[in-house]
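Okay, structure first, notes after.
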Amino acid sequence: MTQEWQANWLTDRPFVHLEKSYLYHKELQEGVVEPHRPDLQHHHWYVRNAFILDDKVLEEEEIWLHLTADDYYKLYINGEFVAQGPAQSDAKHYYYNRIDIRPLLKVGKNAIAIHVYYQGMLNRAYNSADYRQGLIAELWAGENLQIKTDRNWKAKRVHDNQPGVKFGYDTQFTEHLDARESMRGWTEVSYDDSDWEYAEAVEHTDYTFVQQPTPLLAVYNQEPSRVERLAPGHYLIDFGSELTGQFAMSAQGNAGELVHIMSGEELMLGDQAVRFEMRCNCLYHDQWILSGDVVDFETYDYKAFRYVEVQGPEEALRPESFHAVVRHYPLDEQSCILHSSDELMNQIFNICKNGVRYGSQENFVDCPSREKGQYLGDNTIIGHSHMLLSGDLRLFRKAIEQFARSSFVCGGIMAVVPGHFMQEIADFSLQWPMQVMTYYRYSGDKDFIQEMYPYAEGLLQHFKKFEREDGLLENVTDKWNLVDWPQNLRDNYDFELSRPVGPGCHNVINALYIGCVSIVNEMREILGVAYENRLPKLKKSFLNAFYDEKQSLFKDSELSTHHALHANVLPLLFHIAPKDSVRAIVDMIRTKRFACGVYFSFFVMKALAEVEEHELIYDLLSADDEHSWGNMIKEGATTCFEAWGKDQKWNTSLCHPWASGPVPVLIEDIIGLKPAKPGWQEISFCPKLPASWTSFSLQLNVPTGTIQLRYENGEWTESFPQGISVRRGQSQQIVNK
């Protein structure tokens, strides 16, 4: 929903006359980006307004604050933290939040205080480095506008949070906080802001504001599970599991005394120090200068961590104050609960659930540490898992729409949005229609298919530019051809995957293209759109180019004799493989197992489900070899990893929700629960439980209600939403090791 605003856009004075940068371009398009002014990076700005409300206003049942900021805000009402946001987005479709603040207001004087952060780096985490900075707000009581941002608001740039080093992929700064420079009490009604400047109020013609379609983040405190005093003034804090947020504490020391705060996902050898120079290329070492008063420490930006090490003056530190301020997309813990008699499977499910929980912020992120980027291919898995784990379809829908809107840069759709880091991956683009249809199967929202369909056609038109005479794609040079990641887990795929790729015609990109065409055909049929069915020709061309009849397997490219796992899984998944090849491909998977990255393993399992190979799926799921979720458990995972093990990738993040494939596979293919018709109006239930499962239970929230299943020694107890029909298939116990 768009809105006409009566308020002004407030901005800090140095940004008023700066030309706004346009940072969108095709990835390989040459261009010159001027270096950003360093004095305007890591820019912290306080804005506040004190106002009077009478009792008549507070008689209104609803009082809403409409608020957004560029890049980001944290909101306080009468000294109390309320919310933060918005979800990052482009200025032409910029999200604002609608926040219920009625319970926080009082008759008489009130204060709105907003901490605005402009990062100023070009990356995947923020739509920043464009010199768009500021905020806009309106306070509505019922239908009446009470307060709006204008030149009567007070503002001040603050310098108590200085940038340290950049880390990740220019993702964020270490933060060096100086309590001597802090403005204590600035969020309170009684604070004296008489020496602050009046804010610069300008028109907001650069922006089109749209109400954010997703809720505000859940933000809450979490106590440590363990605090150990290693030496005087030296503490090790363990939160028991990886989380996302900020470490916070209180202290009182002499002015100028220094406290070091080092965070990380794991401990160093000996378990007495935090690995703050993290394997994922993040440097989590913040510093804090004390002021002499009792002061609170909390960084502005968030990190992904489990452990914190604090070093400072012994008499200054207050260990009882150590805690984390956790943040993530709201997730009802009761929305999806799965427990079985297989304890390893319970652990695997839980690390995947935690990975999705902390990898779901205002957007899905590939990892909440190194990149904080929303990647299209990752969302094939993350979005699917999140809908099952949360029962909430809004975040996935928003992500799909955001990628569709990236077509203004390239009709073939960008690989990472939002953010000003321009990256294109052909494999990911070709999965976008698959995500639209996955959402449709869960939501039953035909109007959404209609809305997204033009972008799907535009996507196909883009890739048609690379078709040769037989319809196969070759030399898709404008986008990265990924196959799998990292490179060492491509099963020796025999094709040059340089950027730009090629030259030549290879298997994986064409299998994904055929899958894309097939799914767009489904969309056309749902909408009643007439079309020419090109699938038979494309499949025939694919077989002619890549099928090795002697081996009943598929080659990596026309010129190769190598049969990579990846080159055979996708033809099986997208029903390209001849019936005679199915046994050979399944035997290959049985032998090679997960000779692939964690990302691609999802396609392996879903391909096996297409040919009813549930025993092999569970064998792979429950393994503990080098390429398995069991290996992550052995290495101490509390959230699913980026790779199968910590050392299998040079910069592995230990929270990477693209590894959450077991969530949909267990629920849909092993427990056998999925929509029989779009929207869960009819439910398909066809369990393929392992013989070793003597018991299991599942509680699952879906759009039509709550499903509860219990299995105990061969007996089922079931509860499905009222009025929903259940289509039952043949139950089967599968053998597993």
Margin query: So for the range 336-358 (the condition being closer than 26 Å to G168 by Cα and among the aliphatic types (A, V, I, L, M)), does at least one residue qualify?
Written below: yes
Next item on the list: Any chance you could count how many residues in the range 406-454 are in a loop (DSSP other than H, G, I, E, B) and not aromatic (F, W, Y)?
Entry: 18
Check: Could we say that R124 is modelled with pLDDT of 95 or more, within 26 Å of F364 (Cβ to Cβ) and open to solvent by 30 Å² or more (accessible area, probe 1.4 Å) here?
Finding: no
Next item on the list: Pick out the one residue from I667, I707 that is in contact (Cβ under 8 Å) with a residue 40 or more places away in the chain and closer than 24 Å to N350 by Cα.
Entry: I667
Note to self: If I go through the range 292-315 residue by residue, how many of them are surrounded by fewer than 18 Cβ atoms within 10 Å (Cβ to Cβ) and in a loop (DSSP other than H, G, I, E, B)?
What the structure shows: 6
Notebook entry, point to check: What about E626, is it at pLDDT 95 or above, open to solvent by 10 Å² or more (accessible area, probe 1.4 Å) and not aliphatic (A, V, I, L, M)?
Noted result: yes
Checklist line | Residues being closer than 17 Å to S225 by Cβ and either polar (S, T, N, Q) or not in a loop (DSSP other than H, G, I, E, B) (or both) - total across the range 322-338 | finding: 4
Next item on the list: Select, from E197, E181, E203, the only residue that is of a type outside the set (A, V, I, L, M), within 22 Å of H66 (Cα to Cα) and open to solvent by 30 Å² or more (accessible area, probe 1.4 Å).
Entry: E203
Margin query: When you scan the range 707-721, do you find a residue that is within 20 Å of A609 (Cα to Cα), part of a strand (DSSP E or B) and open to solvent by 30 Å² or more (accessible area, probe 1.4 Å), even just one?
Written below: no
Note to self: Given (1) open to solvent by 10 Å² or more (accessible area, probe 1.4 Å); (2) closer than 26 Å to P368 by Cβ; (3) without any contact (Cβ under 8 Å) to a residue 60 or more places away in the chain, identify the lone condition not met by L75.
What the structure shows: (1)
Next item on the list: For the range 89-111, state whether one or more residues are in contact with a helix residue (DSSP H, G or I) (Cβ under 6 Å, 6 or more places away or on another chain) and either open to solvent by less than 10 Å² (accessible area, probe 1.4 Å) or of a type in the set (K, R) (or both).
Entry: no
Next item on the list: Among the residues of the range 680-706, count how many are under 15 Å from S340 (Cβ atoms), out of contact with any helix residue (DSSP H, G or I) (no Cβ under 6 Å at 6 or more places or on another chain) and either open to solvent by less than 20 Å² (accessible area, probe 1.4 Å) or in a strand (DSSP E or B) (or both).
Entry: 9
Checklist line | Hits in the range 1-60 - residues which are assigned to a loop (DSSP other than H, G, I, E, B), over 29 Å from the mean Cα position of the chain (by Cα) and of a type in the set (F, W, Y) | finding: W5
Check: Since K677 meets every condition but one in (1) over 25 Å from G359 (Cα atoms); (2) part of a strand (DSSP E or B), which condition does it not meet?
Finding: (2)
Notebook entry, point to check: Tally time: how many residues in the range 273-291 are open to solvent by 10 Å² or more (accessible area, probe 1.4 Å), assigned to a loop (DSSP other than H, G, I, E, B) and in contact (Cβ under 8 Å) with a residue 60 or more places away in the chain?
Noted result: 4
Margin query: Can you report the number of residues in the range 609-649 which are in contact (Cβ under 8 Å) with a residue 24 or more places away in the chain, assigned to a loop (DSSP other than H, G, I, E, B) and either under 21 Å from C282 (Cβ atoms) or hydrophobic (A, V, I, L, M, F, W, C) (or both)?
Written below: 14
Item checked: Pair list, Cβ < 8 Å and 6+ apart or interchain, from the range 561-572 residues that are over 19 Å from G515 (Cα atoms) to residues that are of a type in the set (K, R) -> T561/K555; H562/K555; H563/K555
Note to self: Can you go through L473, L538, L460, L489 and tell me which one is touching a Cys at 6+ places or on another chain (Cβ under 6 Å), touching a residue at least 24 places away in the same chain (Cβ under 8 Å) and crowded, with 16+ Cβ neighbours inside 10 Å?
What the structure shows: L489
Checklist line | Complete set of residues in the range 446-502 that are on the phi > 0 side of the Ramachandran plot and at pLDDT below 95 | finding: G502
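The values are calculated or read from the model by the stated rules, or taken from the named source; none is laboratory data. The shown structure was predicted, so the numbers you read here are calculated from the model rather than taken from an experiment. Neighbour counts are summed over all protein chains in view; Cβ atoms, including those assigned to glycine, are modelled from backbone coordinates with ideal geometry. Side chains included, ligands, DNA and RNA excluded: accessible areas come from the protein's heavy atoms. Shrake-Rupley method; radii C 1.70, N 1.55, O 1.52, S 1.80 Å.
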